[in-house]
Structure formats: C-alpha cells, structure tokens
1. How many residues are surrounded by 24 or more Cβ atoms within 10 Å (Cβ to Cβ), of a type in the set (Val, Ile, Thr) and more than 23 Å from the chain's Cα centre (by Cα) when one looks only at segment 64-104?
2. Can you tell which of Ala48, Ala59, Ala72, Ala92 is part of a helix (DSSP H, G or I) and under 15 Å from Pro605 (Cβ atoms)?
3. Report whether or not Glu50 is surrounded by 24 or more Cβ atoms within 10 Å (Cβ to Cβ) and among the acidic types (Asp, Glu).
4. Considering segment 110-122 alone, what residues qualify as being under 29 Å from the mean Cα position of the chain (by Cα) and more than 26 Å from Arg653 (Cβ to Cβ)?
5. With the structure loaded, tell me whether Leu374 is outside the structural domain of Ala592 (by TED's automatic domain parsing), among the hydrophobic types (A, V, I, L, M, F, W, C), assigned to a helix (DSSP H, G or I) and within 24 Å of Pro447 (Cα to Cα) or whether it fails that test.
6. Going residue by residue through segment 692-699, is there one that turns out to be touching a helix residue (DSSP H, G or I) at 6+ places or on another chain (Cβ under 6 Å), assigned by TED's automatic domain parsing to the domain that holds Arg617, farther than 21 Å from Thr199 by Cα and at pLDDT below 95?
7. Give me a count of the residues in segment 529-556 that are surrounded by fewer than 19 Cβ atoms within 10 Å (Cβ to Cβ) and either closer than 22 Å to Arg481 by Cα or assigned by TED's automatic domain parsing to the domain that holds Thr677 (or both).
8. Among (1) surrounded by 22 or more Cβ atoms within 10 Å (Cβ to Cβ); (2) within 25 Å of Gly643 (Cα to Cα), where does Val382 come up short?
Amino acid sequence: MIVSSADSPSRSVTDDDARPVKPLSAEQRLALTLAEQRRDTGAVPMSALESPDVATRVAATRALARIADASAHTLLLAQLRDPHPEVLGWAAYGVGESCAGREYAAVRALATRAASLSLAVESTAKPPTPNPPTGGKPAPASAPSQPAQNKQADHRVEPWPALAGALARCGGAEAEATLKAWLRSDIPGLRAEAALSLTRLAARTRELQADTQVKLLERAAAQPPLEVALAPFAHLTPSAAVAKRVREVASTVLDAGGGGYAVQALVRCGPEAAGELHRVALDPKRPMNARLLAARGLGELAGPGQEALRDALSQLASTPAQVTEALTGPSFVLILELVRALAPPRAAGEAALARLAELPMPEAQPAKRRAEMLRCAAASRVANTRSLHPALLACAPAGSLTQARAVLEVLDRAPLERARNARWLELTESKDRRVRQAAIDLLRTHPEARGQVNVLTAALAAKEPGTVAVAAQVLASDPARASDDEAEQPGLAASPALVKALNAALDRKRDPSEVETIASLIDATAALKLTDRAAAIAPYCEHPNPMLRARAAAALAALGDRRARCDRSSDARSVSALPSAKVTIELSLEGARTLSLTLDPALAPVAVQHVTELVKRGFYDGVALHRVVPGFVVQFGDPHGDGYGGAEGEPLRCETSPLPFGVLGVGLALSGRDTATGQLFVTLGEFPRLDGAYPLIGRAHGDWLSLTEGELILKARAK
C-alpha cells in the first residue's frame, strides 16, 4: 500500500533512543515506486530497509516484494526479522512471490518466523497496537482478528495472512504441514487464514493429504462452523468417504446460514449432492452468488443434477410471462444459468426448452439481448447435434455473436464431418472476430476437422491480435495441426504456407500492449521446432516485459540454445507523481442503470492513475462487458470485445499484494505478469485463489450480480 499521511507526519519524530527520525518524503516514496516499477532491486537502498522510520521500511519492503527476483528474495528473507507487522507482512508476501527454485529454504524461513510470531502473541497478555506511530519501535505483531476475506476497507498488510499465503505459494509437504497445524491454533483468526491458504494450495496442486482433509472437516464442523474450512474441497476430488462427510458438514453449514464455500465444496461431492444444491438454487433467502454457483454446479452432477436443474427451471420459468418478467429483473441470470447447465434433453424435456427457445422478443435493450441469450441457450439444447435446427437458426439474428456461439456449442457435441465441417468452416470466416476466434478455438477438441491448416494459416495472417493469438495457441498446444490434413500422409511436416504465415506474424511490428499475442507466437514457433527462427526470438530476451523474456528463454531452450540469458530488469512507463486521494468511477449502463467503482491509490497508485486517465479519455465509453461468469466475475475494458485488447502502449507493472479481493473487489485482468493494459474485473464472490495473483485496485458498488455479457457501458465518469 502507499503510505498514508498518518504514516508520514510532516514533523520529525524520535525513536526510543531519542535519535532523530526523518519521515518518508514524497521524493523518497516516488523513488521507491520507480524502483518497484523498473524491477530494479539495486535501486532499493539498504538505508531504506533499515530505516528507523516505519513508513520508509514498509515502502522499501513492498518494492522488493513486487520486484520478486533472486536478489530481492535474499533481502526479503532478512526483512522477515522486522518486528513491525506491516513490514513483516510485505516481506512474507515477497518471499512467497520469489520462492520458485528455492521453495524448501523459503518455507523453512516462513515457518520459523511464524513460530516466533506465535510465541510473541502467546506471551502478550494484552494484544499490542497493530500499527504503532511512525518512528517508534513496534510491538510484536498481533494475531488476525477476523478472516482476511471479510476485511473490505483495511488496506494494511498483516503478517498472518501474508505468511499463510506465502506458504501456499511456495507449496510442498512442509508448507502444508505448517498450515494444517495452524488449523488447531488458539490464536483468533489464524484457523481461517490457514483454511484460506490451504484453498490456494489446493487450487494450484489439486491435492491435499488425507489427514489435512480430515482436519479441515473437523474445523468446518466445529461450533460455530468455520465455513471457510470447506473452501479447499472445491479444488479436490475427494474419496467416497470424504465426499460423504463433506456433504454432511456442508448441509449443516448451509442450515446455519452459510453460502458460497459450502456450495463450491458440494459440487465436488458427486450426484448425491444434487438435492442440497437444488435447495440452495431455489432459496430466495440465499445470496444470489451462492444460488448461481449451485445452478452451475448441478450441471456437473450427471443424472440427479440434470433432474434437479429441470425441476428448478420448471419452478422459476414455467410460463413465458414469468420469463418475460424476469428479463428485466435479478432472477434472469439465475434462469439463464440453469438453462446453460442443462445437457441436451431427453424427449420428455424438450417441450419446456422449446417454449424458451420461442420466447417473445422485446424491443428495448438490454431485455432484447437477454431474450436472445436465453432463446439461443435453450435452442442449443433442443438442437443437440443438429446445427441447422430451425430453433437454432431463429433464436437470434443470423450471423450474430449469440447465435454463432450457440451453433458452435452444437458443433462441439459431435465430430466435425461433412455438413458439420462445412458449417464450421463458414464460422471460421466470420467478420465478427469473436465468432471467428471461437470457431478456431474449437480445433483444440476436434483434430478431425478438415481444412484446419488453411484456417490456421489465414488466422495467423489476420490483422486482429486476438485471432492471431488463438491460432498460435492451437499450434502451441498441438503442433501436429500444422501438417497438411489434405495430404496423402498428413503429420509428416508442417505446411510451408502455414510456417510462412507464422514467421510473418512473429516478424510483424506490434503494439507493446499485444504481449499475449507475441508470447503465443513464440510458443508456437518453439512447438513447431523452427530452429532457424531462434534469431528472431533472441531479441525478446532483452524485452522490457518479463513474461516475454521468460517465454523467449523457454523457446530458445526448446530450439537448442540453452545458454541464452533472459534476465534483464524491466523498463517502465514514466511516473512523475503519485495520486493520494481515492477516485470514484461512475458507470452509466443501458436501461438507466448506474454502477460505481472506488479506486484506491493506497493499493496500487500507478494502476489507479492509469485507469483514471483512461476514464477521462473516454476509453470505457461504449465498451461492452465482454466476459460475465455468473457468481464469479464481470470483466470489461476491451474495445474489441474478444478479451485480447485493451489500451495501447506499454503494459502496467503488476502492483499485487496479499490483500483479499472478497466480494466486489476490483482488479486488473492479466495474461501473465506485467501485462495489464486497461481491462478490469469485479469479483462476485469470495475466491481465495485470486488473492495476490492479480492487482487489487479498489471496490465496486451496486448490483453487479444481475449483469449479463454484452451489456454496454454508455459513459464512465471520474469523480
């Protein structure tokens, strides 16, 4: 966080030894921010790390935590000894961010510091003041008073959440054992922090030891229930015995008023969980995000889940009038999610879906767009594998994005052969870049498609960066797609025309914001073993962006050059001043609706400054919500609407932190480290795996849960 005025008094203060303490000046703060932005550990002076002024030590340690290279890692290990809670918190976060290749030693250091912190807390009869005045020697760090996910306004990095999160990032048996031990801790709030970090660990590794799962269930079933202890099970495939126990505990937690964590755990517990999820989906007293997660989860539970979905849909959308009324209300998103979770029906279920596919079309937006989405979602299921089904052709205007996506969903259910292959080829030539990209992306699961080399060759030559990126990603994941599928012996060599197009795409001068496209082209070149292109990739070892340097190093190694070094420091955009006041962004949407964002420079000053400038330039005016995952996230900020665009120019350096997103957190979308250009997302629930992985820049306000993809931001204003 940026140090607030309370942490940087204008007068001098003294420490316990009566030595003068010079507070952090605006110039020093800017210099440390520039070091952070340039990823230059050498520009963070030892005098700042050892300063008697707490604000200076916090700013210097934060800079190292965000630089997170090998040199910073060594200094951060030393900063773990700092007694001030916030310095310790940033040091722990940075150790977790920079522990790759040195996990064992990092985990030992984190666990040792946590043990000493625990002893300090236990030996303190009265909890110390968590943030002593600048310049004084701080008391030992106190325990967390509440789960980090519930802290919406406090931007101060605390040691326990940061230590727990760092252990999860480094991973390994000792990290898991330490977090498991914390589940038994008597320190208030620490059990919840351990559960949150075990969730992050499970999300990364997809496994936890059996004993850890037992301990989590014990905590979840305690009185009062600790619902967050169920969160790790959303990322596991539990045994039959554990799944049964999760269902029992989750049911109890839900009866006690629990929500999202219990629902996400139930989804992983087999068809027997369908009844409980059905109950949540239909309960109007439940938070809408929990109901949406339950609806989506039912789609993963085969037979019982499908029956539960049909029953829920019959209760919420039994008549056209009921659905028409829902088009302008909050229940629409739930109805749409129920339909999308359905598999193509048996004959007995077709009548209800057929009625939805023929829903009367309103004239005004956004109700018209919503009706098209619901009609096409229903028509896709009625059509099953018939891409020319009348309901599918009539659900939305021909060639529209909504209809094309429904057709692609139908095509994906069976091999692309004969007429179905011809239909797919038509969509790969769509003038709508989003349709074209979705059609190309279908190749990931359909190697049988004929004509794919021509499709990929044409896509690599496209002007749209997203179309080029999708084609390159297909090739990188399966280089056999580069061989001519019309040849007598396909698979023997890459098509010369495709290789030529790939080379031209890699050589084309691109805007600095097109990082994902360039990275995908580098990956594809390496996958196809085009050794003669090593010279074209080598310059990216000197690129300012760390993701491109990493991709270049991996590609050069794959092409036989294992000596290439791609570890230079990053350049950064110029920063002449740092904002200090919060900024309110007001978004006017269709239907006379208004939502807002509060951006806080204490979280990420450079990012807040950048987004505010974009708002003032009108960048977000007329931009659609291009990604909406009900109950999870709303994303916007791409003028092209395909997710590959943003503001032109050099991408932002990540200003990440261990602070939680929670519900309605505002973050910067990334395609890798230091790749943000202007796309924002708003979280619709609590998802610990996002914490620390994306820059948190503020909080959102208003009814974001009822939004649907394609809705337009008419005007964005900064206040």
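1. Number of matching residues: 1.
2. On the way: Ala48 fails: under 15 Å from Pro605 (Cβ atoms); Ala72 fails: under 15 Å from Pro605 (Cβ atoms); Ala92 fails: under 15 Å from Pro605 (Cβ atoms).
Criteria check complete, one pass: Ala59.
3. Working: surrounded by 24 or more Cβ atoms within 10 Å (Cβ to Cβ): no; among the acidic types (Asp, Glu): yes.
Considered against the rule, which asks whether it is surrounded by 24 or more Cβ atoms within 10 Å (Cβ to Cβ) and among the acidic types (Asp, Glu), Glu50 comes out as no.
4. Just the residues of segment 110-122 that are under 29 Å from the mean Cα position of the chain (by Cα), to begin with: 110-111, 114.
Once the filter is applied, which keeps residues that are under 29 Å from the mean Cα position of the chain (by Cα) and more than 26 Å from Arg653 (Cβ to Cβ), segment 110-122 yields Ala111, Ala114.
5. Values: outside the structural domain of Ala592 (by TED's automatic domain parsing): yes; among the hydrophobic types (A, V, I, L, M, F, W, C): yes; assigned to a helix (DSSP H, G or I): yes; within 24 Å of Pro447 (Cα to Cα): no.
No; evaluated as a whole, the condition is false for this residue.
6. Step one: of segment 692-699, the residues touching a helix residue (DSSP H, G or I) at 6+ places or on another chain (Cβ under 6 Å) are 692, 695, 697.
Now drop any that are not assigned by TED's automatic domain parsing to the domain that holds Arg617, which leaves 692, 695, 697.
Filter again for farther than 21 Å from Thr199 by Cα, leaving 697.
Pick out the ones that are also at pLDDT below 95 and you get none.
Scanning segment 692-699, I find no residue that is touching a helix residue (DSSP H, G or I) at 6+ places or on another chain (Cβ under 6 Å), assigned by TED's automatic domain parsing to the domain that holds Arg617, farther than 21 Å from Thr199 by Cα and at pLDDT below 95, so the answer is no.
7. The total comes to 5.
8. Evaluating Val382 over (1) surrounded by 22 or more Cβ atoms within 10 Å (Cβ to Cβ); (2) within 25 Å of Gly643 (Cα to Cα) leaves (2) as the failure.
The values are calculated or read from the model by the stated rules, or taken from the named source; none is laboratory data. Just so we're clear, the structure is a prediction, and the values are computed from it rather than from any experiment. We place every Cβ from the backbone using ideal geometry, glycine too, and count neighbours over all the protein chains shown.
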